[in-house]
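> Can you keep this structure in mind? I'll have questions shortly.
The values are calculated or read from the model by the stated rules, or taken from the named source; none is laboratory data. Note that the structure is a prediction, hence the values are computed from the model and not measured. Ideal geometry is used to build each Cβ from the backbone, glycine not excepted, and the neighbour counts take in all protein chains shown. In case anyone asks, the SASA skips ligands and DNA or RNA and just uses the protein heavy atoms, side chains included. Shrake-Rupley method; radii C 1.70, N 1.55, O 1.52, S 1.80 Å.
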Amino acid sequence: MTTSEDLPSEISQESFDKLKENLEKVEDLSKRFVEVMANKSGHNPGLDSPNQEVFAKAATSYLSEALQNPAMILEQQIEFWSKSVLNFAEAQQALLSGETEEDDDEPTDRRFSNPMWKSSPYFRFVKKQYLTTSKAIEEAVSTAEGVDVVQRRRLNYFAQQIVDLMSPTNFLATNPDALEKAVETEGESLIRGLENLVSDLEANDGELTVRLADESAFELGGNIATTQGEVVFRNRMMELIQYAPATETVHETPIVLFPPWINKFYILDLKAQNSLIKWVTEQGYTLFVVSWVNPDRSLSDVGMEDYIQDGFLTAIENVKEICGVKQVNAVGYCIAGTTLGLTLSLLKQRGDTSVNSATFFTALTDFSDQGEFTPFLQDDFIDAIEEEVNTQGVLRSFIMARTFSYLRSRDLIYSPAIRNYMMGETPPAFDLLYWNGDGANLPAKMAVEYLRGLCQRNEFTTTGIELMGHTLHVRDVTVPLMAITCETDHIAAWKDCYRGVQLMGSRSKTFVVSESGHIAGIVNPPSKDKYGHYTNADLKPDHEGWMKAAKYNKGSWWPLWEAWLKKRSGKQVPARIPGDSTHKSLGPAPGSYVKVSAKL
């Protein structure tokens with residue numbers, strides 16, 4: 001057995017003890033890793049691998065092009081190899097001379113912000129060769145012929161995933177930040193990184209889901225989701241929260257807000273400074289918000305009709321009863337905005353005027369252009385989803401989270417993985433990232449209905465979608481409406497939302513494009529004065545024409561919406577205390593449903 005006396009004299013007892021301690025940690029972590037992977041349950045058929053058919057067709061196209069147009073292919077190959085040779089020659093020269101040349105034309109890329117990417121011949125060569133290879137892949141994909149629009153989008157997506165995956169910053173040996181940290185901490189950063197990795201695997205039943213935020217830093221109802229209110233109704237689908245008034249009088253017509261059930265509602269109430277929920281009450285409105293159930297296997301047969309009947313219609317009826325009114329102003333966010341459109345069509349056909357006005361936050365109703373989601377909306381992928389939900393009873397939250405994350409893989413997968421696992425850092429205490437990781441499952445039936453009927457076949461704007469004994473169509477959305485969309489939204493592109501609003505039958509339509517993305521463009525309080533918005537009353541042109549003629553307005557869209565809403569909210573009445581004689585409090589906001597974890 002080796003002891004400290006057997007080691008060279010320059011190694012201190014302290015260093016020896018530390019080394020021994022680290023080796024024991026690694027041994028323990030290795031055992032935990034083997035155990036969690038051995039006990040891993042569940043399988044995601046077809047969800048983790050790129051579509052082989054797409055690559056096969058692309059490869060066939062590339063070979064065919066090589067035969068029919070060898071000059072072009074040869075030119076690409078020569079360009080790639082010549083640049084590779086130049087990269088190697090430059091690295092050799094830099095090693096001999098000890099100097100590197102500045103490249104003014106290199107693109108700015110924060111992955112390569114460490115000075116060693118420029119000063120070190122080794123890292124400089126690695127970076128330049130990676131960029132050269134990435135460009136060669138992109139050019140090969142862009143010039144592939146015989147590939148239709150859908151296949152090309154999928155090919156572009158999967159090729160980009162490969163390019164992002166192979167970034168040298170994703171590997172310890174070619175990441176100077178991680179290597180410097182390991183040296184500075186005498187290997188402690190690597191031990192902590194391994195601990196983070198094993199902990200994430202254990203927390204997710206062997207599935208690697210990179211933790212984005214320090215979950216221990218937040219408590220629902222404690223330091224986030226703190227606006228005062230009461231749960232005044234509950235059924236198997238949702239809890240209905242009525243928020244406490246912040247003014248002595250309120251507008252007569254209440255607001256009922258339907259958040260997406262893909263995520264949880266408290267994105268609209270993270271903290272007082274950016275809470276849309278708190279702000280709405282401060283403007284003198286009675287606000288109700290739906291908190292959706294986080295479904296498990298017992299709700300596998302829940303479909304879109306259940307969300308409409310037991311969610312939207314039930315919430316609207318209870319709000320009318322509590323407030324003693326005949327109409328409400330409804331708000332739908334993302335998928336809940338899509339479903340609000342379905343509900344409005346149903347109410348129109350039934351002759352029900354319970355909804356006085358509708359507001360849509362980043363809501364798609366026309367899915368004719370699948371955009372960035374094209375890779376995930378083809379039969380092979382959705383067939384795999386069906387197999388998954390038939391086995392699990394739900395579409396598990398981590399699958400949806402992974403899908404969304406891969407659309408922005410550098411920011412939501414690789415950067416956090418580098419920070420957590422190679423740098424050994426604790427995830428930040430960031431409320432938005434905490435919310436992003438606090439996902440929800442989708443019921444099996446509903447998930448397939450949504451993907452097949454709405455996303456794939458686009459029935460709401462074409463043939464009509466059969467629900468609740470009616471054929472629902474977007475043209476039956478005839479109430480006054482305002483649609484808020486976001487300029488850089490990659491989930492519900494504003495141009496696609498615009499096209500859906502154009503198809504709606506309402507004679508009073510207001511369309512707004514907020515700066516920023518799907519979340520930041522909506523959670524944009526006036527006090528921050530951060531993002532502006534675009535307006536244009538003329539909805540006849542296509543999206544390019546609309547934007548070209550639009551007026552840019554500095555600051556948040558919230559006051560614009562409130563001014564529009566005020567005209568449709570009636571007279572002032574005494575502020576309403578949550579609930580009534582038949583709707584006793586079932587507990588304080590944010591309620592109990594929101595606290596249920598998605599893990600099965």
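> Hey, what's the range 167-320 come to in accessible area per residue, 1.4 Å probe, Å²?
35 Å²
> Given a 1.4 angstrom probe, what's the average accessible area per residue across the range 496-564, in square angstrom?
I get 47 Å² per residue for this part.
> Full-extension gain between Asp310 and Glu186, please, as 0.36 nm times their residue separation minus the C-alpha to C-alpha distance.
38.8 nm
> On full extension of the chain, what length is gained from Lys118 through Leu208, given 0.36 nm per residue of separation minus the C-alpha to C-alpha distance?
Here the answer is 29.1 nm.
> To continue, here is another question. Let's test the formula: R0 of 22 Å, r as the Cβ-Cβ distance of Lys509 and Thr249. What FRET efficiency results, to the nearest 0.05?
Efficiency computed from Cβ-Cβ geometry: 0.15.
> With the full set of protein chains in place, find how many percent of the accessible area of the range 183-282 is carbon and sulfur; take the probe as 1.4 Å.
The C+S portion of the solvent-accessible surface of the range 183-282 is 47 percent.
> Mind putting a number on the dipole of the range 175-294 about its Cα centre? Charges go on the C-beta only, +1 for Lys and Arg and -1 for Asp and Glu, and I need it in Debye to the nearest 20.
In debye, rounded to 20, the range 175-294 gives about 660.
> Let me ask something else about it. Would you tell me the accessible area of Ser298, worked out with a 1.4 angstrom probe on the heavy atoms of the protein chains, in Å² to the nearest 10?
Probe radius 1.4 Å; accessible area of Ser298 about 100 Å².
> For the residue pair Thr488 and Arg408, what label-to-label distance in nm results when each label sits 7 Å from Cα along the Cα-to-beta-carbon direction?
0.8 nm
> Could you calculate the FRET efficiency of Ala173 with Ser597 from 1/(1 + (r/R0)^6), where r is the beta carbon distance between them and R0 is 41 Å, rounded to 0.05?
0.65
> Could you work out how far apart the two model spin labels at Asp352 and Glu562 are, taking each label as a point 7 Å from the Cα in the direction of the beta carbon, and quote it in nm?
3.1 nm
> For the range 370-420, what does the alpha-carbon gyration tensor say about shape, rounded, prolate or oblate, given a ≥ b ≥ c as the root eigenvalues, a/c under 1.5 as rounded, and a/b over b/c as prolate?
oblate
> I've got another one for you. What nm distance separates the two modelled labels at Lys540 and Gln273, each placed 7 Å from Cα along Cα→Cβ?
Reported label-point gap for Lys540 and Gln273 is 4.6 nm.
> Looking at the range 529-600, I'd like the Rg to Rh ratio, where Rg is from alpha-carbon atoms and Rh is Kirkwood's inverse mean 1/r.
That ratio is 1.19, to two decimals.
> Between Ser581 and Glu387, what length comes free when the chain is fully extended (0.36 nm per residue of separation minus the Cα-Cα distance, one decimal in nm)?
Extra length from Ser581 to Glu387 when fully extended: 65.2 nm.
> Could you give the size of the charge dipole of the range 182-250 about its Cα centre, using +1 on the Cβ of each K and R and -1 on the Cβ of each D and E, expressed in debye and rounded to the nearest 20?
So the magnitude is around 460 debye.
> Then there is this: Is the shape of the range 273-347 rounded, prolate or oblate, going by the alpha carbon gyration tensor and its root eigenvalues a ≥ b ≥ c, with a/c under 1.5 for rounded and a/b larger than b/c for prolate?
It is prolate, given that a/c is not under 1.5 and a/b is the larger ratio.
> Before anything else, pin down the relative contact order of the range 389-457: Cα pairs under 8 Å, at least 6 apart, normalised by residue count, whole percent.
Relative contact order, the range 389-457: 50 percent.
> Next question, about the same structure. How high is the FRET efficiency between Thr462 and Lys135 when r is their beta carbon distance and R₀ equals 35 Å, given to the nearest 0.05?
My answer for the efficiency is 0.30.
> Over the range 337-469, what percent of the accessible surface lies on carbon and sulfur atoms, probe 1.4 Å?
51 percent
> Accessible area per residue of the range 390-451 at 1.4 Å probe, in Å²?
37 Å²
> Let me make sure I get this right: for the range 368-463, a, b and c are the square roots of the gyration tensor eigenvalues over alpha carbons, sorted descending. Under 1.5 in a/c it's rounded, otherwise prolate if a/b > b/c, else oblate. Which is it?
prolate
> Got a number for carbon plus sulfur as a percent of the range 484-550's accessible area, 1.4 Å probe?
Of all accessible area on the range 484-550, carbon and sulfur atoms account for 50 percent.
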